[in-house]
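Peer 1: Input: one structure, supplied below.
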Amino acid sequence: MRHEITVEGYAFRLRPLTIADAEFVVGLRTDPILSRFINPTSPYVEDQVAWTERYYQRPDDCSFICERLSGQPEGMVSIYDIRDDEAYNGKTAEWGRWILRSGSPAALECAILVYRTAFEKLSLDSVYCRTVAANKSVVAFHTSTGLETRQILKDYVVLKDVLHDSIEQIMTKRHWWEIRPSLENKAQRLAKKLSSQGVAS
Amino acid sequence: MQDTMEDAERVREILGVALGKTIEQGATVRRDTEEAWDSVKHVELVFLLEDEFGIEFDEETMAELDSIEAIVAAINRARG
């Protein structure tokens with residue numbers, strides 16, 4: 001949907017995805033290394049523009065560009081399928097479509113900004129992600145940031161004609177408030193480091 | 001050479017702390033094959049190395065710290 005949510009952190013911010021970001025997003029999603037665990041993406045910018053136009057029509061879908069405070073884009077992330085769901089004990093959503101440029105130091109703060117958006121802006125009770133099980137570094141990342149495994153989704157995605165399991169990991173609002181200080185301390189130190197090198201802002 | 005070997009030993013121990021596991025002497029540990037070496041652990045590793053060796057890695061170097069050998073080489077460069 002067209003939203004106006006912007007959340008600023010220590011070195012990075014999330015701001016709404018726009019049609020002007022199409023070329024940047026296509027560049028990320030067609031990178032052979034970055035795209036190993038995502039569905040094939042059209043290499044044409046006009047197809048991404050059309051995708052964004054359709055995305056604007058979906059009321060339960062918020063997409064963002066993660067960028068430095070200077071405005072240099074680092075990646076994209078979305079919070080979608082926003083809904084009330086008894087199985088998740090309240091208002092919930094999935095976060096995903098997460099892709100950052102190679103070597104980006106934004107991962108930790110981007111995740112923090114996703115949780116701040118989910119719990120402070122969208123008033124969710126929980127937010128979860130579903131990661132291809134073979135994408136072990138991302139599963140490990142989510143574990144390191146405090147997510148708890150909720151379920152294994154057998155044969156959940158098809159990548160290059162092969163079925164893959166996915167792992168659903170969840171963050172509840174209550175757990176977020178418990179672990180937020182520890183994550184923010186790391187992000188703050190990293191931002192200070194990037195700032196001292198003149199690259200954060 | 002002796003300094004480099006000592007550095008490698010210290011790096012091995014620090015990497016073990018960051019990854020939460022014992023890394024045997026001579027073991028090959030690479031970021032792209034070590035599943036515990038995620039982006040959060042990498043940030044923690046960078047901070048531990050900088051504190052231990054009294055150096056600072058720039059952003060480009062941070063992304064290159066993907067093995068014990070690469071870390072030792074980066075420490076030597078940072079020392080000038």
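Peer 1: Output the number of residues of region A:133-159 satisfying the condition of being more than 16 Å from A:Ile170 (Cβ to Cβ), away from chain B (no Cβ under 13 Å) and among the aliphatic types (A, V, I, L, M).
Peer 2: Counting residues in region A:133-159 that are more than 16 Å from A:Ile170 (Cβ to Cβ), away from chain B (no Cβ under 13 Å) and among the aliphatic types (A, V, I, L, M) gives 3.
Peer 1: Among the residues of region A:113-124, how many are closer than 14 Å to A:Leu147 by Cα and outside any helix (DSSP H, G or I)?
Peer 2: 0
Peer 1: Condition test on A:Val77, is it under 9 Å from the mean Cα position of the chain (by Cα), buried (at least 21 other Cβ atoms within 10 Å of the Cβ), in a strand (DSSP E or B) and within 14 Å of chain B (Cβ to nearest Cβ)?
Peer 2: When the stated conditions are applied, A:Val77 passes them.
Peer 1: Anything in region A:158-187 that is among the aliphatic types (A, V, I, L, M) and in contact (Cβ under 8 Å) with a residue 40 or more places away in the chain? List them, or say none.
Peer 2: Matches in region A:158-187: A:Leu159, A:Ile170, A:Met171, A:Leu183, A:Ala187.
Peer 1: Return the pair list, or none, for Cβ contacts closer than 7 Å from residues in region A:188-201 that are within 14 Å of A:Ser104 (Cβ to Cβ) and modelled with pLDDT under 90 to residues that are in a loop (DSSP other than H, G, I, E, B) and not small (Gly, Ala, Ser), at least 6 apart or on different chains.
Peer 2: Sorted first by the residue in region A:188-201, then by its partner, the pairs are A:Ala200/A:Leu69.
Peer 1: Do you know which of the residues in region B:45-58 that are part of a helix (DSSP H, G or I) and surrounded by fewer than 18 Cβ atoms within 10 Å (Cβ to Cβ) is nearest to the other protein chains (Cβ to nearest Cβ)?
Peer 2: B:Phe47
The values are calculated or read from the model by the stated rules, or taken from the named source; none is laboratory data. Just so you know, these numbers come straight off a predicted model, no measurement behind them. Cβ sites come from the backbone with ideal geometry, for glycine too, and all protein chains shown count toward neighbours.
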